[in-house]
1. Among 152, 283, 47, whose Cα lies farthest out toward the positive end of the dipole of the chain, if unit charges sit on the beta carbon of Lys, Arg (+1) and Asp, Glu (-1)?
2. Roughly how big is the range 189-351's charge dipole about its Cα centre, with Cβ charges of +1 (Lys, Arg) and -1 (Asp, Glu), in debye to the nearest 20?
3. Looking only at Cα atoms, what is the convex hull volume of the range 196-265 per residue, in Å³?
4. Put a dot 7 Å past each Cα toward the Cβ at residue 33 and residue 247; how far apart are the dots in nm?
5. In the chain, how many lysine pairs have Cα atoms under 23 Å apart, counting only pairs 8 or more places apart or on different chains?
6. Given that compact globular proteins tend to follow 2.2 N^0.38 Å, what is the ratio of the alpha-carbon Rg of the range 189-351 to that value?
7. Which of 264, 226 comes first, and how do the rest follow, when ranked by fewest Cβ neighbours within 10 Å?
8. With n ≥ 4 as the cut-off for DSSP H runs, can you work out [θ] at 222 nm for the chain, using -39500 (n - 2.57) per run divided by the number of residues, rounded to the nearest 500?
Amino acid sequence: MSYRVAAFTDTYLPTVNGVTYTIKSWREWWERSGSKMDVVYPSSDGHRPESGEHPIRSLPFPFYDGYRLGTPRIPKAVRNAELVHAHTPFSIGLGGLRLARDRDIPFVASYHTPTSEYADYVSPTDSVASVVSKVSEAYERWFFGRADAVLAPSEATRDHIREEVGVDTPVEVVPNGIDTERFRPVETDDFLDRHDLRGDRPLVGYTGRHGYEKRLFELIDAAAEMDVTVVFGGDGPARRELERRATDRGADARFLGFLDREEMPAFYSALDVFAFPSPVETQGLVALEANACGTPVVGANAGALENTIADGETGYHYESGDVDDFRTAIRRTLGECETLRETCLDRREEFSVEHAVERLGDVYERVSAETT
């Protein structure tokens, strides 16, 4: 059964992150079946809207580079939607909630990011951050409590929504999924030459936002006492501090900046280990992209990475915050690279976006039946 879906999000192209990638991928697969999914998002320089994309007036968010604040308005083009899907609880998401209530149609909300984890960005002191965190969770409880279904990308995130945020709404686990047609092992010679990464040292890398909450300094500290080259793709507010830390610690670290999406399979394929110290992930999409390219992952045993990484199969966990344990896990993974690579490739289809969108359609159908 097909639905005209209006998706509301506060992050979209040209910003590249897990939320943007998920919305774009879901939309493409949803529309392959003949259905419709419009996207309402903050206007931004650098992206020309395509058919079905509806930018609304926005301003830069002063505390978090790369994000913009849009207004909770509803473009006329989406007023005939049969279902609303909010990918944010904030202003643009409120516009989606209003549309759903005005038209008496199903309202689904995805939980992409624990907002309380980012309290430090807007708080000058720890005490203020604590208050902001509590207010954020109360607001999340209010917003997601008004949805007909909440989507969580992992079991860990589902448990967080139920137990810590305290949402009573049904929570469905719908993994974001990855494009296995794109993310697969590829030839890496051109990529290595272009970024001057050839050498005898193993490559241990990370790509994504360089945010302080990602705890990327743990990777710098772990690599400083290893004979490896650390490769960072992406950018963010913590980059300069990471560069200084790498220099101070004597770590061989290369910062490539934002990589074109077409380069990402080669980036992952070139690595011997993908390192992911972030304890705040709701799924850890880049870990699955790395696995799909045959690269094992070492990640924190916190947040969704507890589920995303299968110990001894697709990589290894380490105790979050324990740099010695991180270093040990990287060494162990380097020693088992070939075996882990084979398991990663055997499991790659389990996390395809096609399967994710099939599950998404099941949720849409259920909430539509329950609200009619």
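1. Among 152, 283, 47, the one farthest towards the positive end of the dipole of the chain is 47.
2. Details: 19 positive and 34 negative charges, 97 e Å.
Magnitude of the dipole: close to 460 debye.
3. Values: hull volume 6.0 nm³, N = 70.
Convex hull volume per residue, Cα atoms: 86 Å³.
4. 5.3
5. Details: 24/36; 24/76; 36/76; 134/214.
For the chain, the number of qualifying lysine pairs is 4.
6. Values: Rg = 14.2 Å, N = 163, 2.2 N^0.38 = 15.2 Å.
Taking the Cα Rg and dividing by 2.2 N^0.38 Å, one obtains 0.93.
7. Ranking 264, 226 by Cβ neighbours within 10 Å, fewest first, gives 226, 264.
8. Numbers: 13 runs with 136 residues, N = 372.
Computed mean residue ellipticity for the chain: -11000 deg cm²/dmol.
Read-outs: derived from the displayed coordinates by stated rules, not from any lab. As the structure is a computational prediction, the values presented were derived from the model and not from experiment. Quick reminder, even Gly has a Cβ in these numbers, built from the backbone with ideal geometry, and neighbours come from all protein chains shown.
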